[in-house]
Amino acid sequence: MAQWDANWAERWMRSQAKRSDVYGAATERMLDLADLRTGNRVLDVAAGTGEQTLLAAQRVGPSGYVLATDISTDMLNIAADAVRRAGLTNVGTRVMDGENLDLEADSFDAVICRLGLMLFSDPPKALRGMRRVVRPGGKIAALVFSAVEKNPYEGVPRQVAQRRGSGRMSPFVLGEHRLVEDTFRKGGFSTVSVHAVATHRRFSSSTEAVKNLQDDFHGRTIAELPSAEREQAWEEVQQQLRRFEGPDGCELPGELLIGVGPK
């Protein structure tokens, strides 16, 4: 899983409020499916800047504990600052590769992973590690993107960049129910459930959507193209997003999937 530098970590942080609006319902559903309870010990893998970490910490209460892990020091520093600002004392952070969890077996009541599993080079290996550290009866819940065609805001820039030779890994590799289920089964789970959650973004126009993308992590694949190609690439992105324009602006649908497996 690639290291995110400070520049992109900061951009990710700036988009937190919008991201919470879009992914908030799916995040809460993930926490529901993980069956978090007061006093639980929870592991948050690929925690990023920790929005879901704080929500999990609030659910388990002062008698519980949440450990947020991520491979990016910059992202976890932002998460730690958010924890301090929220006045939470039941959260820890630790830099760690999600595919190589250096943690004791059976030491957590639940494991969550929001929009991280599909970015690992070996998702089944990551799930095997999560399964190892959760206690018997505990659940692992992972939120991933559905198919690229169901997520135009996140997907169109990547499709445009890939047509121009971008080799960046797609975050849509687990974008079908069967792919999520198969990945969990390869990770050692005999019982798996997959749940779809719709998302929605509204902009005044496709122009506003593109401006938002240009300062958003989801526009990173375009930003990393050679400078001579970027303007044309952004024009192509806007052209594709225009089909979502209507009387109420530019309405962009989306869909996320939540895979759940008990140990």
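Points to keep in mind about this one:
- Where trypsin sites (Lys or Arg not before Pro) fall in DSSP loop in the range 157-258, at most 13 other Cβ within 10 Å: ARG168
- Phi angles of the range 196-211 translate, via the Karplus equation with coefficients 6.51, -1.76, 1.60 and θ = phi - 60°, into HN-Hα couplings of 9, 10, 6, 10, 7, 10, 10, 10, 5, 6, 5, 4, 5, 4, 5, 4 Hz per residue; Gly and Pro are given as x.
- Per-residue packing, averaged as other Cβ atoms within 10 Å, sorts the ranges 23-29, 126-132 into the order 126-132, 23-29, beginning with the highest.
- Pairs of Lys residues in the chain, spaced 8 or more positions apart or belonging to different chains, with C-alpha separations under 22 angstrom: 9 in total.
- Here the sum of -39500 (n - 2.57) over DSSP H runs of 4 or more residues, divided by the residues of the chain, equals -13000 deg cm²/dmol at 222 nm, to the nearest 500.
- Neighbourhood net charge (9 Å Cβ-Cβ; Lys/Arg +1, Asp/Glu -1) for ARG168: +1
- Just so you know, the Cα atoms of the range 46-174 work out to an Rg and Dmax of 16.0, 51 Å.
- Selected from ALA228, ALA68, ALA196 as most flexible by GNM, with the chain as the system and alpha-carbon contacts under 10 Å: ALA228
- Two-site FRET efficiency, ARG94 against LYS125, from Cβ-Cβ distance with R₀ of 22 Å, rounded to 0.05: 0.70
- Distance between the range 206-263 and the range 103-132 - C-alpha centres, whole angstrom: 28 Å
- For the range 46-122, projected area of the alpha-carbon convex hull averaged over all directions, nm²: 5.0 nm²
- When CYS113, CYS250 are arranged by Cβ crowding within 10 Å, least crowded first, meaning fewest neighbours, the order is CYS250, CYS113.
Every read-out reported here was derived from the displayed coordinates using simple, explicitly stated rules and does not represent laboratory data. The structure presented is a predicted model; accordingly, all values stated were derived computationally and were not measured. Positions of Cβ are generated from backbone atoms using ideal geometry, with glycine treated the same way; all protein chains shown enter the neighbour counts.
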